[in-house]
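Here's the structure, in structure tokens; my notes come after.
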Amino acid sequence: MVEFNLHLSASYLALSLICISAQFLISRCGNQSTIFDVTKYGAIADGKTDSSFAFLAAWEEACGYEGKSILVVPGGTFFVRQVKFRGPCCNNRSPVIAIKGTLKAPSSSDTFSSYTWITFQRLNALHLIGHSGTSSFDARGESWSKNKHNNYPTSLKFEEVSKGEIRNFSIFNDKGFHINFSGSRDINVSGLIITSPPNGPNTDGIHIGNSANINITSSIIAVGDDCISVGPNNTNIYVHNVTCGPGHGISIGSLGKYPNEGNVDGVTVRNCTIHGTNNGLRIKTWPTSYNSTASNMMFEDIVMINVSNPIIVDQQYCPHHACLNPQPSLVKLRNVHFKNITGTCKSKCSITLNCSSGVPCENVDLFNVNLNYKTSNGIQLPAKLNVNGSVIGLEEDSVHGYVVIKTVYRIARKGNLILCTGNQAPKAKSSTI
């Protein structure tokens, strides 16, 4: 009887050690989850041996397993080439992917046959979970010459993924976009650290397109382009408690470049800090564009620190001045709200509403916008708002203290905000989304 208890205790100890190795996941899946460890399929954590086939072999079995499954990447560095984790999986339920180590990308562009390093495709209930401080994706973009490539691989692409959770890992040195959501919905993103050199073009932190109900919270993004970019055909995008900078800020767009893009409806950016960026909060649409709308956008409780263009609506967005004989943008902007925006900026005239003269901006308001320009001798000057194009109405509310922008050619003052017209707006550095 004693011997039986000892063996039983040893068995429980072994099981406990396995659970500890994926402790951030087992509690979610219960004791009946089956673990598929990539090292059992031949993956080697030396940072050199190609483990791509081992990862895919483990995935095939985990994806086809009838019960709950966990694909485990233990500690260490695994060299992985282009891989695609494709569904649907058994019972339309994706395995949980538990990453404790580092996935390392190829450094040479010659090894990429398409423009994505790791793809998650047609999956339901995907949980990609890391372990804070140890889990990472090294995209090795520092070895690329940006001048020799027009297309840069995205590191992680989520294509037609629904009802998922992505959290607690870092991704760095990207060649192109770090994370791209396409045709996905109902996904919560949190606890990410995304970093790339500040001079890397098109290294957006998170890009979202053709998706709905994407929530991004409690993350740090420091890249060479937009920290977060919301492209066409998106609904209900929520960004909260994100630190952005350096980079090009948080952007809606660019919009209107292609036909049948789809509208943007419902974007909330709240309780974020943006520091050292070229732009802060930006909406950008192409001139001579196709018809679409972008509406119901709220930017609230934002702190700016030394930002060049804290608020900019640019409906003449044309990077590298490549637009010949541009016509007014046909992207309609409606119900855009900037509330409780505070901090400092680099530019003397730091807020720009450059609306289309073809389809006027409608119901754009600023409430409690308090931004200051700090001169070289330490004097703080109030930020100015430059209005161009066609906007419907201009009013001040003496009770609530906000300004509703509705027309051009009128100057008003409210607190630390000065409204002005003319060509005083600074030029914003452009990206090429």
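The values are calculated or read from the model by the stated rules, or taken from the named source; none is laboratory data. Source: prediction; values computed, not measured. Reconstructed Cβ throughout: ideal geometry from the backbone, glycine too, with neighbour counts over all protein chains shown. Surface areas here come from the heavy atoms of the whole protein model, side chains and all, with no ligands, DNA or RNA. Shrake-Rupley method; radii C 1.70, N 1.55, O 1.52, S 1.80 Å.
One table, with the values for the structure above:
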| quantity | calculated |
| --- | --- |
| Residue match in the stretch 49-68 (condition: more than 22 Å from N92 (Cβ to Cβ) and modelled with pLDDT under 95) | no |
| Residue identified as in contact (Cβ under 8 Å) with a residue 60 or more places away in the chain and either aromatic (F, W, Y) or more than 23 Å from I193 (Cβ to Cβ) (or both) among I305, I312, I252 | I312 |
| Positions within the stretch 245-266 being surrounded by fewer than 24 Cβ atoms within 10 Å (Cβ to Cβ) and outside any loop (DSSP other than H, G, I, E, B), in sequence order | D265, G266 |
| Pairs with Cβ under 7 Å, 6+ apart, first in the stretch 192-210 and aliphatic (A, V, I, L, M), second part of a loop (DSSP other than H, G, I, E, B) | I194/H178; I194/G205; I194/V223; I206/H178; I208/G231 |
| Residues of the stretch 230-248 satisfying the condition of being within 12 Å of the chain's Cα centre (by Cα) and polar (S, T, N, Q) | T243 |
| Count - residues of the stretch 91-105 that are open to solvent by 40 Å² or more (accessible area, probe 1.4 Å) and assigned to a strand (DSSP E or B) | 1 |
| Those residues of the stretch 58-90 which are out of contact with any strand residue (DSSP E or B) (no Cβ under 9 Å at 6 or more places or on another chain) and either outside any loop (DSSP other than H, G, I, E, B) or crowded, with 21+ Cβ neighbours inside 10 Å (or both), in sequence order | E60, G64 |
| Test: residue in the stretch 36-46 that is surrounded by 13 or more Cβ atoms within 10 Å (Cβ to Cβ) and modelled with pLDDT under 95 | no |
| T203 vs. criteria among the hydroxyl-bearing types (S, T, Y), over 11 Å from the mean Cα position of the chain (by Cα) and within 20 Å of F112 (Cβ to Cβ) | no |
| Residues of the stretch 174-194 satisfying the condition of being surrounded by fewer than 22 Cβ atoms within 10 Å (Cβ to Cβ) and either modelled with pLDDT under 95 or among the small types (G, A, S) (or both) | S182, G183, S190, G191 |
| Candidate set from the stretch 137-168 (those that are within 21 Å of F79 (Cα to Cα), part of a strand (DSSP E or B) and open to solvent by 10 Å² or more (accessible area, probe 1.4 Å)); member that is modelled with the lowest pLDDT | T154 |
